[in-house]
Amino acid sequence: MLDQEALKIFEKLYEETYQEILRYIVCKCSNIEDVKDILQTVYLEVLKKLEKDISLKITKQYILGIAKNKINEYYRFNYKAKIISLFEKKDNQEIEISETIPDEFDLQTYLTNKNDVEIIWNFLKKKKIIIFKIFYLYYYSDYKIKDIANTLNISEANVKNYLYRTLKELASFMEPGGENNV
Amino acid sequence: MSNKEIFKKVFDEKFNSEKIKEEIFLKQKINKEKFLKEILSEKNSEEKIFNKNNNKKIIPKDFSEERVKEKNNNKKNNKADIIFEEKNNSMEININKIKEKSLARVDCDVKIVSKAEHTNANDSLTTDVENIEILENIKIPEDFNNTKYNLIYVDNEKNKMEEKEYSQLNNYNYIYNNTKNQRSINISFSNENKPIRDYFFTEENSEVSKINNVELKIYNYEKSYFTEFIYKGYYFDIETCDITQEELINLLTSIIK
């Protein structure tokens, strides 16, 4: 158990860095199921450092460094990272859409109960990891299409395609008579 | 609700920072206990090897002259201070003040599953614990506004290179707290395993308490109280933070009826 002072330092660090570290891990991981595990390992390491030396100056950059090492260790020891081509032919067809993705497929229409979160989460989890990352960055981290393309090293057209296609699929999945409601 | 709000809700729930933080603390706690267990088992196996390979008469390490002297010195130095005593017909409370706890670093892993998420009906502990009456009507401070129920799984660690299975349910963990401050009560229990914990200190010379004929040792360290005991076939391990002695006693007497 940490003493109270170390606990306060940790809580502050955690609050200040959580979103950025989470985003870093989401962008670098090979399986979305690993994110929580890696995130916890990173902050456990921070706790250990504080336990050893409470005066240690721990910055966001320092924690990002830990995250980088932990991701490398995780995939070295747990399993080899899957290499997925980001540029499969069928996904390269550009769709004429604006910079932002319109709510053309209004998911609200299909929401029915509190299980919807689980349904959407499970749907996204089954998609390619790149799709999950795009949705996370676009809807949760408020990234622009251009920033997502730069971060994930893919073209803007691909980002748009993935967003558009997946939303369409999800709407179709959730609509009455869709796969989810059969 | 726009699509953005829907997805935000999904990610907020799945990457909830508060929930993940709680799991980090719990993992830290469990990791340390596992580490200590490993050290103790390594120490025991070293002693066994030593005894097996030597044909001469062996004096077990713990009874060697030096060890006895060392233990006697430790007894003098480590004797716990009693900071609270209370005695009546049904209970005798002695709270042992701990000056220093031993902590350790570990890298092992556990899986924490909230009770709401738990779906494995095959766990032998599950059915029993659903019906556990011991924790009904327990006295929790009135300002506590949050309760979490977790199941603590450990990996069987047959092969560390393989993906972890977390197939072994070790214990249950109920956390009651006030979300506005650090006041909390953490109750771990199991009818099969001793709950895992992260603190470690000498229990020699500490005074035993008794509640309704159940013996237990209560320790205090800074703002925390710790106790472990066996009641109605369940191993209990309780750790509190920033609660009063009165609240602690109310809690214990409401469990050990």
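The values are calculated or read from the model by the stated rules, or taken from the named source; none is laboratory data. Being a predicted model, the structure only gives us computed values, none of them experimental. As a convention, Cβ positions derive from the backbone with ideal geometry for all residues, glycine included, and neighbour counts pool all protein chains shown. In case anyone asks, the SASA skips ligands and DNA or RNA and just uses the protein heavy atoms, side chains included. Shrake-Rupley method; radii C 1.70, N 1.55, O 1.52, S 1.80 Å.
Where the second residue is exposed (fewer than 15 other Cβ atoms within 10 Å of the Cβ) and among the acidic types (Asp, Glu) and the first is more than 27 Å from A:VAL26 (Cβ to Cβ) and lies in region A:49-68, which pairs have Cβ atoms under 7 Å and are six or more apart or on separate chains?
A:ILE54/A:GLU5
Test A:ASP103 against the stated conditions and say whether it is open to solvent by 40 Å² or more (accessible area, probe 1.4 Å), at pLDDT below 65 and touching a helix residue (DSSP H, G or I) at 6+ places or on another chain (Cβ under 7 Å).
When the stated conditions are applied, A:ASP103 passes them.
Hey, could you check region B:173-198 for residues that are over 17 Å from B:ASN250 (Cα atoms) and open to solvent by 30 Å² or more (accessible area, probe 1.4 Å) and say which is nearest to the chain's Cα centre (by Cα)?
B:LYS194
Could you check region B:133-249 for strands (runs of 3 or more DSSP E) lying wholly inside it with 1 or more residues that are more than 16 Å from B:LEU26 (Cα to Cα) and at pLDDT below 80?
B:168-177
If I ask for residues that are modelled with pLDDT of 90 or more and at the interface with another protein chain (Cβ under 10 Å from one of its Cβ atoms), which ones from region A:1-20 would you list?
Once the filter is applied, which keeps residues that are modelled with pLDDT of 90 or more and at the interface with another protein chain (Cβ under 10 Å from one of its Cβ atoms), region A:1-20 yields A:PHE10, A:GLU11, A:TYR14, A:GLU15, A:TYR18, A:GLN19.
So which pairs qualify, if the first residue must be in region A:150-162 and over 19 Å from A:PHE123 (Cβ atoms), the second must be at pLDDT below 90 and in a helix (DSSP H, G or I), the Cβ gap must be under 8 Å, and the two must be at least 6 apart or on different chains?
A:ALA157/A:ASN92; A:ASN158/A:ASP91; A:ASN158/A:ASN92
Has region B:29-37 got at least one residue that is open to solvent by 50 Å² or more (accessible area, probe 1.4 Å) and either within 7 Å of chain A (Cβ to nearest Cβ) or at pLDDT below 80 (or both)?
There is at least one residue in region B:29-37 that is open to solvent by 50 Å² or more (accessible area, probe 1.4 Å) and either within 7 Å of chain A (Cβ to nearest Cβ) or at pLDDT below 80 (or both).
For region B:1-20, which positions are at the interface with chain A (Cβ under 7 Å from one of its Cβ atoms) and either open to solvent by less than 20 Å² (accessible area, probe 1.4 Å) or not charged (D, E, K, R) (or both)?
B:MET1, B:SER2, B:ASN3, B:ILE6, B:PHE7, B:VAL10, B:PHE11, B:PHE15, B:SER17, B:ILE20
In this structure, does A:GLU15 turn out to be open to solvent by 50 Å² or more (accessible area, probe 1.4 Å) and without any contact (Cβ under 8 Å) to a residue 12 or more places away in the chain?
yes
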